[in-house]
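One structure is given below, encoded as C-alpha cells.
The values are calculated or read from the model by the stated rules, or taken from the named source; none is laboratory data. Computed from a predicted model, the values in this text were never measured in an experiment. Positions of Cβ are generated from backbone atoms using ideal geometry, with glycine treated the same way; all protein chains shown enter the neighbour counts. Remember, those area values only see protein heavy atoms, side chains included, never the ligands or the DNA or RNA. Shrake-Rupley method; radii C 1.70, N 1.55, O 1.52, S 1.80 Å.
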Amino acid sequence: MILHVAGLDKFIPPFVKLVRFEFNEEEHHFWLAGSLEAYPLECESDVHLCGGGIYGKIKGYVTLLRQLHAARKVILHGLFNIKVVLLLALCPWLLSKCYWVIWGGDLYQYESAKKSLRSRVKEGLRRFVISRIGHLITYIEGDVELARQWYGAKGVHHECLMYLSNVVDPAMIATPTEKRNDDPLNILVGNSAAPSNNHFEVFERLLPHKDDEIKIFVPLSYGDQSHAKEVIALGKAWFGEKLVPMTDFMPFERYLRFLKDVDIAVFNHRRQQAMGNTISLLSMGKTVYLRSDVVQWELFKKEGIAVLDIERNDLKLLDFEVAAHNVQLIKKKFSREKLIEQYARIFYP
C-alpha cells in the first residue's frame, strides 16, 4: 500500500482523481483531514477522512498510525499538520519510507516561526522529522537546498511537478500576439489576498504609470480579507477606476481564460509562491516580473525561460520571439505526461 497523507486543499481532489485514473487504484490509499464541503471529493474505500470532534479526531489519528505502519511508502503532501509531525516524531523508524511533497509554505515556516515556547517546540519537532525523512519531492531545487540548510534534511531529492496546478493545459497554450498600442495594458498583481504578495510595494512601483493606459487586476477572493480591504482602499486612492479588485471566487477554467487577457503579471513574493499562475501565464506568452532573490527565479533561468526582474520597474513586454520561446519551453517542461512519468518513478522505481 502507498499511503497519501494530506490536508484537504484545492490541489488534493484533482490529485486523487489523477492517481485513481493513471495508477493502480487499489494500491493507493488517502488519509485526509479537512472539509469536504470546501474541497469536494468522491470518497470511496480508498479514502479515510479524519472526523470532527474529539472522538472523531482520536479515531482518525489512530487509523493514521495503523496505516503508517502498514504502508510500504508514505507520501506526505505538505508538512503543515503538527499532529502528523508529532506522530512521525514518536515513530522515527517510519521516516525512511516517507516522501515529503514540499509545498513551500510548510518549508518557509522556518522564517515565520515565532520565539514563543510553543513555536520553538513545533519547530523542534519539525526539525527532528525533516532531518530524518528519507525522500524530498519538488521540482524546485532551491527548496531542497533550503530544507537541507534550515532543517538538516538528508533525504533523496525526486524531481516532480507535484500537482496538476503546475501542469500546462494544452488547450490554454497560446501563440503570443503583438500588443496593439491603443489597448490598455492589463497588469495582474499577486495571486491572493495574502500579505506575502506585498501589494503595497507593487503599487508604489506602478505609481509612476498611473496616468498611462493601464488596468490593474488584483485577485483577492481568498486569503486575508482584512488585508484585502486595505489593498482595495489604497489601490482605489492611487489608481481610481484603473484598479480592478477581484473579490469573487472564479472557477479554475474561467480564471485561466481571464489570464489570457493579462499582459504583465507582477509577483512580489519573497518566497516560492504562485507557481501555478506563473507557469500558466508563461505558457500563454505573457510577461512575468519576479524578485530575483527567490528560488523560482533560479529555476526559470536554469531552464532558459525568460522572466523579468521586478526591480526594473519599466512595464516592458517580452519581445515576441522571446515570449514564443518561453511557450515552447514551458510546454515541454510542465506537461501532464511528465507529471505522470515522474510519479511512476516515485511509486514504482
Only Cα pairs within less than 10 Å get springs; with that Gaussian network setup on the chain, which residue of 244, 167, 189 has the largest fluctuation? 244
Exposed-loop-free span, longest in the chain, where GluC sites (Glu not before Pro) count as exposed if DSSP calls them loop and at most 15 other C-beta atoms lie within 10 Å: 214-349
Taking only Cα atoms, what is the 0 to 90° angle, nearest 10, from helix 117-130's long axis to the longest principal axis of the chain? 80
Spin-label point model (7 Å from Cα, Cβ direction): what's the residue 38 to residue 292 distance in nm? 3.8
Computed from the coordinates I sent, semi-axes √(5λ) of the Cα gyration tensor in Å equals one of (1) 37, 22, 20; (2) 50, 23, 17; (3) 41, 24, 19. Tell me the label. (1)
State the Cα centre-to-centre distance between the stretch 123-158 and the stretch 259-321 in whole Å. 26
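Return the percentage of antiparallel bridges among DSSP beta bridges fully within the chain, rounded to the nearest 5 %. Can you show the working numbers first?
On the way: 0 of 42 bridges.
Just about 0 percent of them are antiparallel.
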C-alpha long axis of helix 225-239 to longest principal axis of the chain, angle in °: 10
I'd like the orientation of helix 12-22 relative to the chain: the angle between its Cα long axis and the longest Cα principal axis, in ° from 0 to 90, rounded to 10. 70
Identify which of 67, 149, 296 has the largest mean-square fluctuation in a Gaussian network model of the chain, with springs joining Cα atoms closer than 10 Å. 149
For the stretch 278-293, take each phi angle, set θ = phi - 60°, evaluate the Karplus expression 6.51 cos²θ - 1.76 cosθ + 1.60, and give the result in whole Hz per residue in order, putting x for glycine and proline. 4, 5, 4, 5, 5, 5, 9, x, 7, 8, 10, 9, 10, 6, 7, 9
Over the stretch 27-85, what relative contact order in percent results from Cα pairs under 8 Å that are six or more residues apart? 24
Within the stretch 212-305, what whole-number % of the accessible surface is contributed by carbon and sulfur, with the 1.4 Å probe and all protein chains included in the calculation? 51
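For the stretch 272-318, would you read off the P(r) tail past 17 Å as a percentage of all alpha carbon pairs? Numbers along the way, then the final one.
Values: 271 of 1081 pairs.
Every Cα pair in the stretch 272-318 considered, those over 17 Å come to 25 percent.
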Per residue, what accessible area does the stretch 227-321 have, given a 1.4 Å probe and all protein chains present, in Å²? 45
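Work through the residues other than residue 131 whose Cβ is under 14 Å from its Cβ and net out their charges, Lys, Arg +1 and Asp, Glu -1. If you can, show how the numbers build up before the last one.
Working: positive: 126, 127, 132, 148, 154; negative: 123.
Charge balance in the 14 Å sphere: +4.
Run lengths n ≥ 4 of DSSP H only: what is the helix-derived mean residue ellipticity at 222 nm for the chain, with -39500 (n - 2.57) per run over all residues, to the nearest 500? Before the final figure, lay out the partial values.
Numbers: 13 runs with 142 residues, N = 349.
Here the helix-only value at 222 nm equals -12500 deg cm²/dmol.
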